[in-house]
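I have placed the structure first, in the form of structure tokens, so that the comments after it can refer back to it.
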Amino acid sequence: MAREITGFSNPLVKRVRSLREKKFRKAEGLFLAEGLRILTEAREEGVLPEMLFHAGSTHPLAAELIAAMEASGGDVIETTPDILSKISGKDNAQAVVGVYRDRLTPLAKLDRSKADIWIVAQSLRDPGNLGTILRTGDAVGAGGLILIDDCVDPFSVESVRASMGALFTQSITQARWGEFMHWLRQGPGELIGTSLKATQDYQEPRYASPSFLLVGNEAQGLPEAYEAECDQLVKMPMLGKADSLNAAVACAVMAYELLNQRRAKR
């Protein structure tokens, strides 16, 4: 049954507001997602929040979310726009905010055979880039995103917002480099990296499946030791004065090259 909260000092409001901080997300295993588009994407993937906050929205998608939550026995809370703003940290809060269980998939449980393309990001720092990479993965039908070493939190409000719902269509895994390489070499899979030091153009190789596309840190790129372990190390032509592309843009270019090669085989 739906309930109503109108007080800023309500303990649940304080608890949910705390999920904006990583230490509380980690402690609770929960994260926030906001907006009808993102929550509807999640519902269409069969994922409902553990709690749904709304401010009396009459939008048909909001009504569908509320009905789905009530049918599943979920916790629906009607509140005020000001409290939604407090929870989300935005002056103009979205119509709905959901509290979700984190969606990490252990490395050992990844099924590499379910997709031809996988994206691997090493020491990614920007939540906007992470969200864009998730959207790219969704667009090319990737199996998921594997985050290597110390990356930005994929469940921060900023990362979730930037993913535009792709967080719920892509599996997300976290691992250290050595752990990932051990797992990768236990089965089929070609590791593909990009580097300004590479001599091979990115369109030259015929890439094998499954392809694991390795994206480096925005400022530093890939460590030399990681480049050395790639099965394919390639570069994209840079015809202007810029010497590199944004990490998420480079990932998209490479991901579509992988996709297009597979389309050409059909």
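The values are calculated or read from the model by the stated rules, or taken from the named source; none is laboratory data. Owing to the predicted nature of the structure, the values given are computational and were not obtained by experimental measurement. Positions of Cβ are generated from backbone atoms using ideal geometry, with glycine treated the same way; all protein chains shown enter the neighbour counts. With ligands, DNA and RNA removed, areas are computed over all heavy atoms of the protein, side chains included. Shrake-Rupley method; radii C 1.70, N 1.55, O 1.52, S 1.80 Å.
Anything in the stretch 196-237 that is charged (D, E, K, R) and touching a Gly at 6+ places or on another chain (Cβ under 6 Å)? List them, or say none. Before you say what the answer is, go through the steps one by one.
First, the residues of the stretch 196-237 that are charged (D, E, K, R): 197, 201, 204, 206, 218, 224, 227, 229, 231, 235.
Glu227 - this is the single residue of the stretch 196-237 that is charged (D, E, K, R) and touching a Gly at 6+ places or on another chain (Cβ under 6 Å).
Give the stretch 65-99 a look and list any residue that's in a helix (DSSP H, G or I) and over 19 Å from Glu21 (Cα atoms), or say none.
If the condition is that a residue be in a helix (DSSP H, G or I) and over 19 Å from Glu21 (Cα atoms), then Leu65, Ile66, Ala67, Ala68, Met69, Glu70, Ala71, Ser72, Pro81, Asp82 are the ones that fit.
Within the set of pairs 6 or more residues apart or between chains, which connect a residue that is farther than 15 Å from Leu222 by Cβ inside the stretch 143-160 to a residue that is of a type in the set (Gly, Ala, Ser) with Cβ atoms less than 6 Å apart?
If the second residue must be of a type in the set (Gly, Ala, Ser), the pairs left are Gly143/Ala115; Gly144/Ser171; Leu145/Gly137; Ser159/Gly131; Val160/Ala33.
Here is a check on your reading of the model: is Leu12 under 26 Å from Asp153 (Cα atoms), open to solvent by less than 60 Å² (accessible area, probe 1.4 Å), among the hydrophobic types (A, V, I, L, M, F, W, C) and in contact (Cβ under 8 Å) with a residue 24 or more places away in the chain?
Values: under 26 Å from Asp153 (Cα atoms): yes; open to solvent by less than 60 Å² (accessible area, probe 1.4 Å): yes; among the hydrophobic types (A, V, I, L, M, F, W, C): yes; in contact (Cβ under 8 Å) with a residue 24 or more places away in the chain: yes.
Against the criterion (under 26 Å from Asp153 (Cα atoms), open to solvent by less than 60 Å² (accessible area, probe 1.4 Å), among the hydrophobic types (A, V, I, L, M, F, W, C) and in contact (Cβ under 8 Å) with a residue 24 or more places away in the chain), Leu12 qualifies.
Of the conditions (1) touching a Lys or Arg at 6+ places or on another chain (Cβ under 9 Å); (2) of a type outside the set (Phe, Trp, Tyr); (3) within 30 Å of Leu36 (Cβ to Cβ), Asp138 satisfies every one except a single condition; which number is it?
If we test Asp138 against (1) touching a Lys or Arg at 6+ places or on another chain (Cβ under 9 Å); (2) of a type outside the set (Phe, Trp, Tyr); (3) within 30 Å of Leu36 (Cβ to Cβ), just (1) comes out false.
Conditions: (1) closer than 30 Å to His182 by Cα; (2) touching a Leu at 6+ places or on another chain (Cβ under 7 Å). Lys109 meets all but one. Number of the miss?
(2)
If only one of Ser85, Ser18, Ser9 is within 26 Å of the chain's Cα centre (by Cα), of a type in the set (Ser, Thr, Tyr) and over 30 Å from Ile148 (Cα atoms), which one is it?
Ser85
Taking the criterion of being over 23 Å from Ile172 (Cβ atoms) and open to solvent by 10 Å² or more (accessible area, probe 1.4 Å), would at least one residue in the stretch 18-28 satisfy it? If you could, list the steps in order and put the result at the bottom.
In the first step, residues of the stretch 18-28 are kept if they are over 23 Å from Ile172 (Cβ atoms); the result is none.
No: the stretch 18-28 contains no residue that is over 23 Å from Ile172 (Cβ atoms) and open to solvent by 10 Å² or more (accessible area, probe 1.4 Å).
Picking from Ile83, Ile38, Ile87, which residue would you name as being open to solvent by less than 20 Å² (accessible area, probe 1.4 Å), more than 21 Å from Met164 (Cα to Cα) and in contact (Cβ under 8 Å) with a residue 40 or more places away in the chain?
On the way: Ile38 fails: more than 21 Å from Met164 (Cα to Cα); Ile87 fails: more than 21 Å from Met164 (Cα to Cα).
Being open to solvent by less than 20 Å² (accessible area, probe 1.4 Å), more than 21 Å from Met164 (Cα to Cα) and in contact (Cβ under 8 Å) with a residue 40 or more places away in the chain holds for just one of Ile83, Ile38, Ile87, which is Ile83.
Restricting the search to the stretch 41-79, which residues are within 21 Å of Ser163 (Cβ to Cβ), open to solvent by less than 60 Å² (accessible area, probe 1.4 Å) and in contact with a Phe, Trp or Tyr (Cβ under 8 Å, 6 or more places away or on another chain)?
Within the stretch 41-79, Glu41, Ala42, Val47, Pro49 meet the criteria.
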